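Note sheet for the following structure.
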Amino acid sequence: MNLEGKNAIVTGGSIGIGTAMALDLARHGANVAINYRRHADEANAVVVEIEKMGRKGLAVQADVASTADAEAMVKKVVEEFGSIDILVCNAGINRDAPIWKMTEEQWDEVMDTNLKGYFNYIRAVAPYFRDQKSGRIINITSINGLRGKFAQSNYAASKAGIIGLTKTVAKELGKSLVTVNAVAPGMIMTEMAKQLDQKWIDLAINETVLGKLGELDDVAHLVTFLASDLAGHITGQIISVDGGQYI
Ligand code: NDP
């Protein structure tokens, strides 16, 4: 897979799956911009790694829930890199509680980050992708958006929303030869997953048919493939990377 000359944005690239995807895109030739909200040192370290590979890197502190931040970031990337070819919407949070204990703030924070955050970046790149008649959008959802999960009504609803968003935008941008797909990971051991009780981690391992959790690069490799020319006829799809956790 060759992404040389391609310019990518990965939202939430400072830690976790976002970092793995940013580095894998760069490894295959892309210049990569990431954003983050809290982990500035980690985000700057990702840029150093990208630059060591001979690509351009950029880290921007930008809250994905802010429409103004999203538009400013996309504009900055086009100014610094020259164009935008690949958007990976990844920044996400969880604020778990059963529905009878979930606060309005927990609901809103997850929706604003996980769902509106994706809308903000997709809408900001769409005019560029339509003008150039090419582009790749890859949205990170979750198997919990497909099946639901105890104490995750906000998270699962946001991730199910991403699936509707993906299919709709695939239909809207298809004529411009832009592909739009979603990747649904099962549990991957990141900061997000480390907050969970061990019993939930053990349950996830037992649910997989492979008997193990996925690695960061399991997700990154699929995303790089979807970003590449090899995946040019795949659009509107939701592809799980979960070791058979949800089948
Ligand atoms: P992490 O918590 O490890 O990383 C989340 C990333 O998102 C960080 O870079 C964080 O940046 C960024 N982020 C969070 N909120 C914002 C915001 N408002 N504005 C900008 N950036 C923000 O999560 P994972 O790597 O585990 O998850 C990545 C994606 O994968 C998420 O969409 C998640 O739902 C999904 N996923 C994860 C699974 C898992 O098991 N880990 C399973 C299925 C899906 P910073 O901290 O610097 O602010």
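The values are calculated or read from the model by the stated rules, or taken from the named source; none is laboratory data. Predicted model only: the values in this text are computed from it and were never measured. Backbone-built Cβ (ideal geometry, glycine too); neighbour counts: all protein chains shown. For accessibility, only protein heavy atoms count, side chains too; no ligands or nucleic acids. Shrake-Rupley method; radii C 1.70, N 1.55, O 1.52, S 1.80 Å.
Take the conditions open to solvent by 40 Å² or more (accessible area, probe 1.4 Å) and at positive phi and apply them to residue 146. Does it pass? Can you show your working first?
Numbers: open to solvent by 40 Å² or more (accessible area, probe 1.4 Å): yes; at positive phi: no.
Criteria not met by residue 146.
Could you list all residues from the stretch 32-70 that are part of a helix (DSSP H, G or I), over 29 Å from residue 229 (Cα atoms) and near the ligand (Cβ under 10 Å from one of its atoms)?
Selection gives 40, 41, 42, 69.
Cβ-Cβ below 9 Å, separation at least six or inter-chain, first residue in the stretch 181-197 and within 30 Å of residue 229 (Cα to Cα), second near the ligand (Cβ under 7 Å from one of its atoms) and assigned to a strand (DSSP E or B): which pairs?
That search, which allows pairs on different chains as well, returns 182/140; 183/140; 184/140; 185/140.
Name every residue in the stretch 183-204 that is of a type in the set (A, V, I, L, M, F, W, C), open to solvent by less than 60 Å² (accessible area, probe 1.4 Å) and more than 6 Å from the ligand (Cβ to nearest atom), in order of residue number.
183, 184, 196, 201, 204
Looking at 142, 240, 153, 228, which is the one that is farther than 20 Å from residue 17 by Cα, hydroxyl-bearing (Ser, Thr, Tyr) and at pLDDT 95 or above? So that I can check it myself, show each step before the final result.
Details: 142 fails: farther than 20 Å from residue 17 by Cα; 240 fails: farther than 20 Å from residue 17 by Cα; 228 fails: farther than 20 Å from residue 17 by Cα.
Only one candidate qualifies: 153.
Which residues, counting only those in the stretch 122-180, are free of Cβ contacts under 8 Å to residues at least 40 places away in the same chain and among the small types (Gly, Ala, Ser)?
145, 148, 156, 160, 164
Working only within the stretch 1-19, note down all residues that are within 13 Å of the ligand (Cβ to nearest atom) and either surrounded by fewer than 24 Cβ atoms within 10 Å (Cβ to Cβ) or not polar (S, T, N, Q) (or both). If you could, list the steps in order and put the result at the bottom.
Step one: of the stretch 1-19, the residues within 13 Å of the ligand (Cβ to nearest atom) are 9-19.
Hits for the stretch 1-19 are 9, 10, 12, 13, 15, 16, 17, 18.
Residue 29 fails exactly one of the following numbered conditions: (1) on the phi > 0 side of the Ramachandran plot; (2) within 16 Å of the ligand (Cβ to nearest atom). What is the number of that condition?
Answer for residue 29: the failing condition is (2).
Which of the helices (runs of 4 or more DSSP H) contained wholly in the stretch 179-247 include at least 2 residues that are over 20 Å from the mean Cα position of the chain (by Cα)?
Working: elements: 191-194, 198-207, 216-227.
Output list reads 198-207.
Which of (1) assigned to a loop (DSSP other than H, G, I, E, B); (2) touching a residue at least 40 places away in the same chain (Cβ under 8 Å) is the odd one out, the single condition residue 87 does not satisfy?
(1)
crowded, with 20+ Cβ neighbours inside 10 Å and either at pLDDT below 95 or over 26 Å from residue 218 (Cβ atoms) (or both): which single residue out of 33, 22, 70 fits that description?
Numbers: 33 fails: either at pLDDT below 95 or over 26 Å from residue 218 (Cβ atoms) (or both); 22 fails: either at pLDDT below 95 or over 26 Å from residue 218 (Cβ atoms) (or both).
70 is the lone residue from the list that is crowded, with 20+ Cβ neighbours inside 10 Å and either at pLDDT below 95 or over 26 Å from residue 218 (Cβ atoms) (or both).
Note down all Cβ pairs under 8 Å where the first residue falls in the stretch 215-227 and is within 15 Å of residue 182 (Cβ to Cβ) and more than 11 Å from the ligand (Cβ to nearest atom), the second is polar (S, T, N, Q) and open to solvent by less than 30 Å² (accessible area, probe 1.4 Å), and they're at least six residues apart or on different chains.
What qualifies is 226/179; 226/181.
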